[in-house]
Structure formats: structure tokens, C-alpha cells
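Working notes for the structure below.
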Amino acid sequence: MKINDNQGSTFVKKFVTGPTVFTNILVNPTMKEAQDYGLGYITEEPNYLSKTEEGTPRIDIVVYGKVVDNPDIIVSNKYAITAENMLSSTGKTCYLRYNGITSWAESEENLPDWFKQGEYRKALRGEEAFYDFFLAFNNTNFNDLTVFEISKDDYKKMFAGDFSELKLVNNLPDFKWQWICYIDEYNDKLYNKIYRNKSFKHWETTPYLYNSIDKVGGKAEWSKYIDFIVNVDVNNRFNPIYISNNCEIYTLDEIKAKLESGEEVTKPVFNEPKKSDNLPF
């Protein structure tokens, strides 16, 4: 895709930071669908098929959303799914239950009994984050049998370039979800991005936070949650140039002035990854 930053002299670029509610979903659009949505910089047909360096087929599921009450602000996330099962360095396989829960085991026989109550299968690499998003998008609990699910046949179609079944969600413009947004910098330009590791239901104000260091978890205010993922979690290479504890909206000039003024802002201290025995396998 070619990206053109010059979108007209009257265009005022805006950024959003902090926990933000989105709506009007658009998944894997064609060029025309993207332009009609407001993505005028997409001037070629997007390609959602690729391969890893090892030659394994990969599909990109690109999700766009518009900020509630500020539809001119569009943010996206890409979920890359490869045609291979998730394996740990110790040989354990990741299994995916119908409701989005995952479990690691040496073999199917070693899965917990509760996990095997209902449909389950081996997970593809990248699926866990994608299912997490759709649980939030559907405002669904883990035990709800109506959870969005992609079958093996659906994946066969998508790896062949047919995303028609998946794109049915584009007919649900009133559905809402929540992402943590932040501002990043690359080649002297500022970009709006999201914290990729987790999606949230649109009504959440105290999301569940599992502290892998203290091995405890519970509900947390956004300020505590964001402080943890930015400054505490030693396994998280999350390093935004600016992030807020509440949903805040800035023009490009406003955020530049804020960053250049020396005003106290939420800027993280980069944490080098440390060894941890608290892995999911």
C-alpha cells in the first residue's frame, strides 16, 4: 500500500491516547471500502496474504475502528496468523477452546478435563490475540456458547484469499470495543498505535490485571494497569513516547507542543527483559 500523509490543507490530524472506545468496525477492506470509510491514503488494493521467512503461509487480519464521538479519528490493528501450530521450546502445543481460552500440553490427553468440555483444537500462531479481540468486540463472556468462532474450513478460505465470512462483521457498525492507545515516533514522525497484547470490552473501567511478578491478579484502575504494562512488566517491550491514563485527544500541533515543552507526561522507562519462570508452559 502507498501512504500519502498529505490529505489536504484543511485536514487536521488528530491523535488519541489512553483507554479508548471504538465502533464502526472495518475488517480487511478493499481499496474502495477503505476510501469510503475515510482511509483516503490507501490508493492500491491491499494484500492480506504473505509468507514468513521460512515460507509458511500467513494472513493479515486488519481491524479498523473509529473513536466513539470522534469518527474522524481512525485507528487500526493487524493480527497476523500463520498456518502453523503454536509450539513451545519444550515441545508443548497450544490448544484453543471454543470460547477463546487456551491451554498448553504435551499431548491432547494431558489437557485439563474442564478444557475438553466442548469443542477445542490446536491453535494457530497468532490466534490467541485475535480471539481476545473478538471476545471484547462481541461483549462476550468465556462461558457464552455463541462466541465468534473460525472453523478450519474458514481458515482454508482465508489462506486462499477469501475473507468474505470474516468480513460479515463489517455489517455490525454499532458494536463497540476498547483499545489502549498511545503515540509512537518513527523517522521523526508521530503515529497513533494501540497496545497490541489486549483488547477490552467497551464498558470496562477496571480491567483484570495479572501481575506475573507477584503472581497475583485482580481488578485494577486504568492508571495502575497502564503503569504496569509500561513500567513494571519486565517481559513487556512496550515503550510508547506518550500514553495517558484517560482517553485524551490532541491535534498534531498540540501533541508536538506537549512533548517539546518539557511538561510532565507519561513517558515510560524501558525495561530490559529479564529471565522469568512464570511462563504459560
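No lab work stands behind these numbers, since they all come straight from the coordinates. Predicted model only: the values in this text are computed from it and were never measured. Counting neighbours? That spans all protein chains shown, and the Cβs are built from the backbone with ideal geometry, glycine included.
Starting from the Cα of residue 32, draw a straight line to each of the aspartates and glutamates and keep only those under 12 Å, dropping any in the same chain fewer than 8 residues away.
Output for residue 32: 44, 45.
Specify the inter-centroid distance of segment 208-235 and segment 16-42, based on alpha-carbon positions, in whole Å.
If you average the Cα positions of each part, the centres end up 30 Å apart.
Extending each Cα 7 Å along its Cβ direction at residue 191 and residue 213, get the distance between those two points in nm, one decimal.
Label at residue 191, label at residue 213, 2.9 nm between them.
For the peptides 201-212, 77-88, what is the packing order when you average, over each peptide's residues, the other Cβ atoms within 10 Å and list the highest mean first?
Details: 201-212: 14.7, 77-88: 16.7.
Highest mean packing first, the order is 77-88, 201-212.
Based on alpha-carbon centroids, what's the gap between segment 92-130 and segment 176-195 in Å, whole number please?
Here the answer is 31 Å between Cα centres.
Given the peptides 67-75, 45-53, arrange them by the average over their residues of other C-beta atoms within 10 Å, most packed first.
Numbers: 67-75: 16.1, 45-53: 11.8.
Packing proxy ranking, top to bottom: 67-75, 45-53.
Residue 176: which lysines have alpha carbons under 19 Å from its alpha carbon, excluding same-chain residues fewer than 8 sequence positions away?
66, 78, 167, 193, 198, 201
Given labels modelled 7 Å from the Cα in the Cβ direction, how far is it in nm from residue 68 to residue 260?
3.5
Highest mean first, how do 214-221, 18-25, 119-126 rank when packing is the count of other Cβ atoms within 10 Å averaged over residues? If you can, show how the numbers build up before the last one.
On the way: 214-221: 11.0, 18-25: 21.0, 119-126: 17.1.
Descending packing order for the listed peptides: 18-25, 119-126, 214-221.
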